[in-house]
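Okay, structure first, notes after.
The values are calculated or read from the model by the stated rules, or taken from the named source; none is laboratory data. Note that the structure is predicted; figures quoted are calculated from it, not measured. All Cβ positions, glycine included, derive from the backbone under ideal geometry; neighbour counts span all protein chains shown. To get the accessible areas, we keep the full protein, side chains included, count just its heavy atoms, and leave off ligands, DNA and RNA. Shrake-Rupley method; radii C 1.70, N 1.55, O 1.52, S 1.80 Å.
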Amino acid sequence: MDLNQKRTKPTSQKSTIFPDEVLEPVLSLITSHKDRSSVSLVCKDWYNAERWTRRHVFIGNCYSVTPEIVAKRFPYITSLTIKGKPRFSDFNLVPEDWGADVFPWLTVLATAYPFLQELRFKRMAVSDESLEFLATRFTEFKALSLLSCDGFSTDGLKAVATHCRNLTELDLHENGIDDLGGDWLSCFPESLTSLEVLNFASLNGEVSFDALEKLVARCKSLRVLKVNRNISLDQLQKLLLRAPQLTELGTGTFTQELVTRPVTELESTFRNCKNLLTISGLWDTNSHYLPVIYPACENLTYLNLSYATLRSFELAMLLMHCKSLRRLWVLDTVGDKGLQAIGSCCPLLEELRVFPADPFDQEAAGVTESGFVAVSRGCPKLHYVLYFCHQMTNEAVATIVQNCPDFTHFRLCIMSPGRPDYLTNEPMDEAFGAVVRTCPKLQRLAVSGLLTDLTFEYVGKYAKNLETLSVAFAGSSDLGLKSVLGGCPKLRKLEIRDCPFGNSALLSGLTKYESMRSLWMSACNLTMNGCRVLAKEMPRLNVEVMKDEDSEDSQAHKVYIYRTVAGPRRDAPPFVLTL
């Protein structure tokens, strides 16, 4: 299909100020899907111009619309991003066979968009048959990204490697892949030289290193390479000698036993990688070989150490070479001293994520409020934080947000549910009250600890730009949720688990839900009758109840509510009741 073919424009009673020859080239420069959606609402002429010029579509919920509706609305898209299961599926709260299969989408897309070039799926069910269909039906296909997807194996990757002869990107991140062998890399044809992004870090098994080395050598435009932990330092060095132009690198294992080359030789190889901006991986690293990457750290803006169990002194030594960092992910093995090093060495830091090395070990020292405070003092540009810890205080959080008032994302996870301020034994209400009062740009908030309805009163009153709220083991009564639904004018996603909110709270949001993308509530006090009332009052919402084998008939243990123009979904399994 010719994307530039002439089309007949319907006659309108009032001509637009801008002719199509002016308006469409201007709109084609707008890349934000939010901005383009706003443009389409200006008038009918702008709606049509935006429709014809749209090349990329983002769908935040695969059941909010049908592929047929998308194809009718946007006839010339070349790139599509689709999200599937609710985010709580990451915590095993959504059954594996819940849905979000990509195949119904692919069958429609293959007919409507034979020229499709990019597909990006998140939390979708992807089978080997779907990957083979994709690889054989889209002749101009270039980029495939699978994030937190499941259902496929390396046989599906073989089909992609074999048939997608113009591939520029294969990005496999945090997927549940059935690894049937590493020879899938051998299926890339020798004529393929276009690859720019290759990420297979989430595969567990061995891969054909010979095939990988040849692929990297002939793809001169490769800029992102992320390998799995089975690639040794010796092998990594060979790859880096073939691709010194990389901007993003995900390493394999960093254990001493697998390395035969001198440290100086490895350091020299990393020194020649002058374009590196991102490093991740570093599995099983140790202090003897970590200095190997020091020469490549000067220009790094993103360092992902979430698989590296570093100690505080190891992190401190590394950060001395990373003066340009904007993003940093670490494990809590670095301790508070490691976080103090972050505050001392990373004045430009904008994003910090601290993950637990063992989330089930309640005796682990981990990190505390003092480390968090130290980071906030030394990193005034910090605006995104995800922080797992065992203890926190109201005073510490208030100090943190005073030091960094530009937070847009504040996700604090105190891993012991219902834990109060450990110094005063008071609820953590004032901590999150300080967050929403002090941070007017806040868009995403995750709360934890001992929280009463007062926290949610603060959120509803002050969080005027909040879009996503995640709540677990918190609240006193329905008043808490009512406060949030009565405030927060920009709220789009609300995720709640193990809270005392019931039908009254649920039904208080009747005027809010159609402007939101979704609401998840599990292990709350909802009943089937309450959900039926909501479904009756709001017919444009899908109200889905997931029934467990041991759940009472009158109770709604897991409820997923989302707006849709597609009506009830057609592939709901028996345990999903659409009301």
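One way to sum up the overall shape of segment 286-418 is the equivalent ellipsoid from its Cα gyration tensor, whose semi-axes run 23, 18, 11 Å, largest first. Tell me the net charge near C346. Cut-off is 13 Å between Cβ atoms, C346 excluded, with +1 for each Lys or Arg and -1 for each Asp or Glu. Residues close to C346 contribute a combined charge of +3.
Projecting the Cα atoms of V367, W329, L310 onto the dipole axis of segment 281-387, where Lys and Arg carry +1 and Asp and Glu carry -1 at the beta carbon, places W329 farthest toward the positive end. Overall, segment 128-217 carries a charge dipole of about 340 debye about its Cα centre when +1 sits on the Cβ of Lys and Arg and -1 on the Cβ of Asp and Glu, all other atoms neutral. Label segment 114-155 by shape, choosing from rounded, prolate and oblate, from the square roots a ≥ b ≥ c of the eigenvalues of the Cα gyration tensor; if a/c is under 1.5 it is rounded, and otherwise prolate applies when a/b is larger than b/c, oblate when it is not. Judged from the Cα gyration tensor, segment 114-155 comes out oblate (a/c at least 1.5, b/c at or above a/b). Apolar share of the accessible surface for segment 63-199: 47 percent from carbon plus sulfur atoms, 1.4 Å probe. For segment 152-290, the extents of the C-alpha atoms along the principal axes are 42, 29, 23 Å, listed from largest to smallest. Normalising the average separation of contacting C-alpha pairs (under 8 angstrom, six or more residues apart) by the number of residues puts the relative contact order of segment 301-444 at 19 percent. For segment 484-579, the alpha-carbon radius of gyration amounts to 1.01 times the rule-of-thumb value 2.2 N^0.38 Å expected for a compact globular protein. Using the beta-carbon distance between T111 and F58 and R0 = 22 Å, what value does 1/(1 + (r/R0)^6) give for FRET efficiency, to the nearest 0.05? Once rounded, the FRET efficiency stands at 0.55. By accessible area, using a 1.4 Å probe on protein heavy atoms only, segment 316-463 has 53% of its surface on carbon and sulfur.
Taken one residue at a time, the phi angles of segment 34-49 give Karplus couplings (6.51, -1.76, 1.60, θ = phi - 60°) of 5, 5, 5, 5, 5, 4, 5, 8, 5, 6, 5, 4, 5, 4, 5, 5 Hz. Gly and Pro are set to x. Pairwise Cα distances in segment 80-219 exceed 23 Å for 30 percent of all pairs. Using a cutoff of 8 angstrom between alpha carbon atoms and counting only pairs six or more residues apart, the relative contact order for segment 159-248 works out to 28 percent. Pairs spanning more than 23 Å between alpha-carbon atoms, out of K44/K441; K122/K461; K220/K274; K482/K558; K34/K482; K44/K122: K44/K441; K122/K461; K34/K482; K44/K122. With all protein chains kept in place, the per residue accessible area of segment 510-579 amounts to 50 square angstrom at a probe of 1.4 angstrom. Here the relative contact order of the chain, from alpha carbon pairs under 8 Å that lie six or more residues apart, stands at 6 percent. For V94, the accessible area of its heavy atoms, probed at 1.4 Å with every protein chain present, is near 10 square angstrom. Against the set (i) 27.9; (ii) 25.7; (iii) 35.0, the structure's computed mean projected area of the Cα convex hull in nm² falls on (i). Here the chain is assigned +1 on the Cβ of each Lys and Arg and -1 on the Cβ of each Asp and Glu. Its dipole about the Cα centre then comes out at about 2540 debye.
Ordering Q117, L534, T162 by Cα displacement along the dipole of the chain toward the positive end leaves Q117 in first place; charges were set at the Cβ atoms of Lys, Arg (+1) and Asp, Glu (-1).
When the square roots of the Cα gyration tensor eigenvalues are ordered a ≥ b ≥ c, the ratio a/c for segment 417-507 is 1.5 or more and a/b does not exceed b/c, which makes its shape oblate.
Rounded to the nearest 20 debye, the dipole size of segment 184-332 about its Cα centre is 480 debye, using +1 on the Cβ of Lys and Arg and -1 on the Cβ of Asp and Glu.
The HN-Hα couplings worked out from phi for segment 503-518 by the Karplus form 6.51 cos²θ - 1.76 cosθ + 1.60 (θ = phi - 60°) are 4, 4, 5, 4, 6, 6, x, 4, 7, 9, 5, 6, 8, 9, 7, 6 Hz, whole numbers, x standing for Gly and Pro. Per residue, segment 336-381 exposes 45 Å² of solvent-accessible protein surface, assessed with a 1.4 angstrom probe and all protein chains in place. Across segment 476-488, computed HN-Hα scalar couplings (Karplus, 6.51 cos²θ - 1.76 cosθ + 1.60, θ = phi - 60°) run 10, 7, 4, 4, x, 5, 4, 5, 5, 5, x, x, 6 Hz from first to last residue, x flagging Gly and Pro. Every Cα-Cα pair of segment 398-464 was included, and the share exceeding 18 Å stands at 31 percent. On a per residue basis, segment 429-488 carries 34 Å² of accessible surface, using protein heavy atoms and a 1.4 Å probe.
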